[in-house]
Amino acid sequence: MVGFSLCASLCCPEEDSISQTLFVENDNLISVDNNQTSFNVGDSVFIETIIEDNQVTIENTNINLSDFTYAEIAESRAFHQLILYKETAFQSVVEIPLNENSINITEGDVRLNNQLIEVISIYDGNSFRSKFSIQLLESGVYYLAGPELLFNNSNGETTVNLGVYERGYVNITSRIVNSDEQGKYIFTVN
């Protein structure tokens, strides 16, 4: 009997509270500077992410995102993905692959994986932040949106992910401020 009690207390400590995932919807996290929609070739479009620590889940529970990370040792990051799309002369939309020369990071970090822009926002004690720009090298109509825009009639939302196994996870569904009903932030380069 003692062996069973000891095993139960050592093998299964608080399993129910580990690895929970909470869900948030917030369309005010990602924005283009000044909501600018008209650029010239050679200009840069600046994309900023500001995720306040306090959020409200879809179950209407107030949470602090830093509780799900290692904020106390400056190891707090939030991740999301964007893609730059362009309309073609054939009335279709293509994903534009970028390289390090076309990105300028002001705050946080950005990693490129072909056309995928992986944005990493760093916790500053109050919010998770990133800011970067993309140099616009060709004229045309462009969209900034999440990676699912062209798949299965999806929209351009992106999911911000953060958390660690020991503390749980938070997934925040978001779209760029002033994007259209499909989640596309549309702008023109002349």
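The values are calculated or read from the model by the stated rules, or taken from the named source; none is laboratory data. Note that the coordinates shown come from a computational prediction; the quantities given were computed from them, not determined experimentally. Methodologically, a virtual Cβ is constructed for each residue, glycine included, from the backbone with ideal geometry; neighbour enumeration extends over all protein chains shown.
Scanning the range 117-132 for residues that are among the charged types (D, E, K, R) and in contact (Cβ under 8 Å) with a residue 12 or more places away in the chain, which turns out farthest from Val94 (Cα to Cα)?
Of the residues in the range 117-132, the ones among the charged types (D, E, K, R) are 118, 124, 129, 131.
Subset that is in contact (Cβ under 8 Å) with a residue 12 or more places away in the chain: 118, 129, 131.
On the way: Glu118: 18, Arg129: 28, Lys131: 24 Å.
The qualifying residue farthest from Val94 (Cα to Cα) is Arg129.
Of all the criteria given as (1) acidic (Asp, Glu); (2) out of contact with any strand residue (DSSP E or B) (no Cβ under 9 Å at 6 or more places or on another chain); (3) over 23 Å from Gln36 (Cβ atoms), the one not satisfied by Glu75 is (2). Only a single criterion out of (1) surrounded by fewer than 16 Cβ atoms within 10 Å (Cβ to Cβ); (2) hydroxyl-bearing (Ser, Thr, Tyr); (3) more than 26 Å from Glu52 (Cβ to Cβ) is not satisfied by Tyr142, namely (1).
Scanning the range 38-78 for residues that are surrounded by 11 or more Cβ atoms within 10 Å (Cβ to Cβ) and among the polar types (S, T, N, Q) yields Ser44, Thr49, Asn54, Gln55, Thr57, Asn64, Ser66, Thr69, Ser76. Across the range 69-86, the number of residues qualifying as over 18 Å from Val119 (Cα atoms) and either under 16 Å from the mean Cα position of the chain (by Cα) or modelled with pLDDT of 95 or more (or both) comes to 1. Beta carbons closer than 6 Å, at least 6 apart along the sequence or on distinct chains, pair a first residue in the range 15-42 that is at positive phi with a second that is modelled with pLDDT under 95 and not polar (S, T, N, Q) for Ser19/Tyr165.
Pairing each residue of the range 100-116 that is modelled with pLDDT of 95 or more with any residue that is of a type in the set (Lys, Arg), provided the two are 6+ apart or on different chains, yields C-beta distances under 8 Å for Ile105/Lys131; Thr106/Lys131; Glu107/Arg129; Glu107/Lys131; Gly108/Arg129; Gly108/Lys131.
One residue stands out in the range 1-47 among those that are among the aliphatic types (A, V, I, L, M) and more than 26 Å from Ser174 (Cα to Cα): the one that is modelled with the highest pLDDT, namely Val41. Here is a check on your reading of the model: is Ile122 part of a strand (DSSP E or B), crowded, with 20+ Cβ neighbours inside 10 Å and not basic (Lys, Arg)? Criteria not met by Ile122.
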